Ligand code: SF4
């Protein structure tokens, strides 16, 4: 069974309602992300591993330099000053 032309027609009001709902959802997500980013480094994953591809004073190497990196930073401080410039 194929869709008819009427089936594919977009109801502008319903479309706008969905866009508004999506915008509302993303706005609240962006607000939370913006707030968290002032406290938590974006390179720190949920398991406290560091995913940065650059040096940072907060990186810890419990398994040696070739092992995975952990973040040893304190979330109470501004992490950006710990990043090493190349
Ligand atoms: S070690 Fe540095 S770059 Fe890595 S997650 Fe922690 S603060 Fe961010």
Q: Keeping to region 51-73, report how many residues are within 7 Å of the ligand (Cβ to nearest atom) and modelled with pLDDT under 90.
A: 1
Q: Starting from region 61-72, keep only residues that are touching a residue at least 24 places away in the same chain (Cβ under 8 Å), then list their pairs with residues that are in a strand (DSSP E or B) and surrounded by 10 or more Cβ atoms within 10 Å (Cβ to Cβ) whose Cβ atoms are within a distance under 6 Å, requiring at least 6 positions of separation or different chains.
A: 71/44; 71/50
Q: Restricting attention to region 33-50, report how many residues are part of a loop (DSSP other than H, G, I, E, B) and more than 7 Å from the ligand (Cβ to nearest atom).
A: 8
Q: Would you mention how many residues in region 51-85 are assigned to a loop (DSSP other than H, G, I, E, B) and touching a helix residue (DSSP H, G or I) at 6+ places or on another chain (Cβ under 7 Å)?
A: 3
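The values are calculated or read from the model by the stated rules, or taken from the named source; none is laboratory data. In this text, all values refer to a predicted model and were calculated from it rather than measured experimentally. Cβ coordinates were reconstructed from backbone atoms using ideal geometry, including for glycine residues, and neighbour counts include every protein chain displayed.
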